[in-house]
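J.: The structure follows.
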Amino acid sequence: MNKLELIEALKSEAGIEKKEAAAVVKLLFDKMTEALTSGDKVEIRGLCSFYVKEYIGYTGRNPKTGEKVEVKPKKLPFFKAGKELRKRVDK
């Protein structure tokens with residue numbers, strides 16, 4: 001399911017206009033992004049959680065040339081499935 005399909009599902013299930021459904025989905029994604037950007041964890045009980053992992057910088061190697069490369073510190077978002085979601089998918 002992509003963003004457009006989610007908007008369509010919300011529109012038909014909630015009986016609202018497409019514009020309103022798109023605004024709800026945008027607000028949800030914006031707030032989740034805001035929380036992750038500020039270092040908070042986003043948790044939807046039973047479904048999933050999103051969090052940010054921080055990695056320190058290190059000296060890596062280009063596998064093609066063997067040249068040393070400095071890898072900068074970075075932050076990456078991660079998704080973890082909740083217990084209920086894992087059970088429902090595994091049926």
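Values in this text are rule-based calculations from the coordinates and carry no lab data. Computed from a predicted structure; not experimentally measured. Note: ideal-geometry Cβ built from the backbone for every residue, glycine included; neighbour counts use all protein chains shown.
J.: How far is helix 3-14 tilted, in degrees, relative to the longest principal axis of the Cα atoms in the chain, given as a value from 0 to 90 rounded to the nearest 10?
T.: Once rounded, one gets 30 degrees.
J.: From the phi angles alone, apply the Karplus equation (6.51, -1.76, 1.60; θ = phi - 60°) to the stretch 47-58 and give each ³J(HN,Hα) in whole Hz, x where the residue is Gly or Pro.
T.: 9, 6, 9, 10, 8, 10, 9, 9, 10, 7, x, 7
J.: Separate question: Within a 10 angstrom radius of the beta carbon, how do Thr65, Thr33 rank from fewest other beta carbons to most? Can you show the working numbers first?
T.: Values: Thr65 8, Thr33 13.
Ranked by crowding around the Cβ, least crowded first: Thr65, Thr33.
J.: Mean residue ellipticity at 222 nm from the helices of the chain, using -39,500 (n - 2.57) per DSSP H segment of n ≥ 4 over the full residue count, to the nearest 500 deg cm²/dmol?
T.: Calculated mean residue ellipticity at 222 nm is -13500 deg cm²/dmol.
J.: Mind sorting Phe29, Phe79, Phe50 by how few other Cβ atoms lie within 10 Å of their own Cβ, fewest first?
T.: Phe79, Phe29, Phe50
J.: Let me ask something else. On the first, second and third principal axes, largest extent first, how far apart are the outermost C-alpha atoms of the chain in Å?
T.: Over the chain, Cα extents along the principal axes are 58, 34, 28 Å.
J.: Also, quick follow-up: If you fit an axis through the alpha-carbon atoms of helix 18-37 and take the longest principal axis of the Cα set of the chain, what angle between them do you get, 0 to 90°, nearest 10?
T.: Compared with the principal axis, the helix lies near 30 degrees.
J.: Expected output is a single nm value to one decimal: the length gained when fully extending between Phe79 and Tyr58, i.e. 0.36 nm times separation in residues minus the C-alpha distance. What is it?
T.: This chain segment gains 5.1 nm when fully extended.
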